[in-house]
Amino acid sequence: MKRGWMPWALAVSVAINLAVLGAIGGAWLVGDRTDLRRDRAAGVPTLLRGLTREERRALRSSIGPREQRTAGAQLDLPAMLRQEPFDEVAFREALDARRAIQGARAARGIEALATLIAELSPERRAALADHLERGRRFPRSQ
């Protein structure tokens, strides 16, 4: 039986979503340890690096703890890939469940970031804007 374009479209969509979430998560984890130059169109990762430690701590606190993997979101990829016959439906369901968990956390993060930024002084917001325009590490002395 010939498969259509739908499985490929889903795989590409999942890959793109995971890449975006990975970039945000990587920037979050790297934090102080990076001094890489970024382009002038820097986005959320650069903005997160521009926050002070206290601001990032408050942001993480308002997002809440990371969800534990639920039964539907278990990603035991090696076992799933070795399984014969390969269960494509279960594999897709596990990826979709994980993406839903990551998407919910990302949505909470965006809301928390917007709230945090709204509470900053005009001077602090201007400093973050300058940081975004420079696209590089922001001094954390504040």
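The values are calculated or read from the model by the stated rules, or taken from the named source; none is laboratory data. The structure presented is a predicted model; accordingly, all values stated were derived computationally and were not measured. Note that we place each Cβ from the backbone using ideal geometry, even for glycine, and neighbour counts take in every protein chain shown.
Quick check on my filter: what residues within the stretch 69-79 are at pLDDT 85 or above and crowded, with 16+ Cβ neighbours inside 10 Å? Don't jump to the end; show me each part of the working.
Applying the first criterion (at pLDDT 85 or above) to the stretch 69-79 yields 79.
Of everything in the stretch 69-79, nothing turns out to be at pLDDT 85 or above and crowded, with 16+ Cβ neighbours inside 10 Å.
Between a first residue in the stretch 103-126 that is touching a residue at least 24 places away in the same chain (Cβ under 8 Å) and assigned to a helix (DSSP H, G or I) and a second residue that is among the hydroxyl-bearing types (Ser, Thr, Tyr) and exposed (fewer than 11 other Cβ atoms within 10 Å of the Cβ), which pairs have beta carbons less than 9 Å apart while being 6 or more apart in sequence or on different chains?
112/61
Every residue, every condition in (1) loosely packed, with under 11 Cβ neighbours inside 10 Å; (2) modelled with pLDDT of 85 or more; (3) assigned to a loop (DSSP other than H, G, I, E, B); (4) more than 19 Å from the chain's Cα centre (by Cα), yes or no:
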site: 11; (1), (2), (3), (4): no, no, no, no
site: 20; (1), (2), (3), (4): no, no, no, no
site: 27; (1), (2), (3), (4): no, no, no, no
site: 32; (1), (2), (3), (4): yes, no, no, no
site: 37; (1), (2), (3), (4): yes, no, yes, yes
site: 41; (1), (2), (3), (4): yes, no, yes, no
site: 57; (1), (2), (3), (4): no, yes, no, no
site: 61; (1), (2), (3), (4): yes, yes, no, no
site: 67; (1), (2), (3), (4): no, no, yes, no
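Considering each residue of the stretch 122-142, count those that are more than 18 Å from residue 56 (Cβ to Cβ) and at pLDDT 90 or above, and give that number.
Qualifying residue count, the stretch 122-142: 3.
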